[in-house]
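Visitor: Pasting a structure here, questions to come.
The values are calculated or read from the model by the stated rules, or taken from the named source; none is laboratory data. These numbers were taken from a predicted model, which means no experiment stands behind them. All Cβ positions, glycine included, derive from the backbone under ideal geometry; neighbour counts span all protein chains shown. To get the accessible areas, we keep the full protein, side chains included, count just its heavy atoms, and leave off ligands, DNA and RNA. Shrake-Rupley method; radii C 1.70, N 1.55, O 1.52, S 1.80 Å.
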Amino acid sequence: MIIRENFLLDTLKQVDAVQLHQFMIENKERLEVFFPVTLSSNATLEKTKQYIEIKNSEIQARTNFTFAIRAVDTGMIVGLIIIKKIDWINRVGELAYCIGGNLAGKRLTTKAVQVISNYAFEELNLKTLQIIAHKINLGSVKVALNNGFIWQKILKNEFTPINETPLDMELYELTNEK
């Protein structure tokens, strides 16, 4: 568990299932374009229980690291932050994150990305972190830039939303200088 100011990051637990499922329902519109797999993986309470089990197994296997972003005062889940697509040979990982609509624009995601970046560099010994965002997702682009990620290139047809045409995405990277 990592505690900072008004939030903490920690692993998901089975007791979080109802809360995580509710978070997904409440933020469905925000998540359906860029988090469709996570959203569908939490479509029912039973699926959410399975999702939590899978995410904890992935941490044990060191393939993905999914953390809840929680409000410090209530312990409520207000978002997720994930280190995924880890290439252990080249020590590269991709960050993905989502925050509840009521907290968008309050710099919470920026702070969570800063904390998880430090964790990735110091604890996981990764060398490069990537954020892949669509140019219209201004909040995500701002989070990347606020954390010192540098635009690298456009990734053609990188992501296909459900029942939509493929989208070009922007690649941002942050390299550990140590």
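Visitor: Mind checking whether some residue in region 61-78 is open to solvent by 30 Å² or more (accessible area, probe 1.4 Å) and in a helix (DSSP H, G or I)?
Guide: Yes.
Visitor: With the requirement that a residue be without any contact (Cβ under 8 Å) to a residue 40 or more places away in the chain and either open to solvent by 10 Å² or more (accessible area, probe 1.4 Å) or part of a helix (DSSP H, G or I) (or both), what does region 89-98 give you?
Guide: I89, N90, R91, V92, E94
Visitor: Inspect all residues belonging to region 157-173 and state whether any of them is among the hydroxyl-bearing types (S, T, Y), touching a Lys or Arg at 6+ places or on another chain (Cβ under 9 Å) and modelled with pLDDT of 95 or more.
Guide: So far as region 157-173 goes, no, none of its residues is among the hydroxyl-bearing types (S, T, Y), touching a Lys or Arg at 6+ places or on another chain (Cβ under 9 Å) and modelled with pLDDT of 95 or more.
Visitor: Identify, from the list I132, I86, the residue that is open to solvent by 20 Å² or more (accessible area, probe 1.4 Å), in contact with an Asp or Glu (Cβ under 7 Å, 6 or more places away or on another chain) and either more than 20 Å from S40 (Cα to Cα) or assigned to a loop (DSSP other than H, G, I, E, B) (or both).
Guide: Only one candidate passes the filter, namely I132.
Okay, residues lined up against (1) under 30 Å from E164 (Cβ atoms); (2) at pLDDT 95 or above; (3) touching a helix residue (DSSP H, G or I) at 6+ places or on another chain (Cβ under 7 Å):
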{"site": "E32", "(1), (2), (3)": "yes, no, yes"}
{"site": "T48", "(1), (2), (3)": "yes, yes, yes"}
{"site": "N64", "(1), (2), (3)": "yes, yes, yes"}
{"site": "N90", "(1), (2), (3)": "no, yes, no"}
{"site": "L95", "(1), (2), (3)": "yes, yes, yes"}
{"site": "L108", "(1), (2), (3)": "yes, no, no"}
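Visitor: Still on this structure, please answer the following. Kindly provide the set of residues from region 135-173 that are in contact with a helix residue (DSSP H, G or I) (Cβ under 6 Å, 6 or more places away or on another chain) and either assigned to a strand (DSSP E or B) or crowded, with 17+ Cβ neighbours inside 10 Å (or both), ordered by number. Spell out how you get there, then give the answer.
Guide: To start, the set of residues in region 135-173 that are in contact with a helix residue (DSSP H, G or I) (Cβ under 6 Å, 6 or more places away or on another chain) comprises 143, 146-147, 162, 172.
Hits for region 135-173 are V143, N147, Y172.
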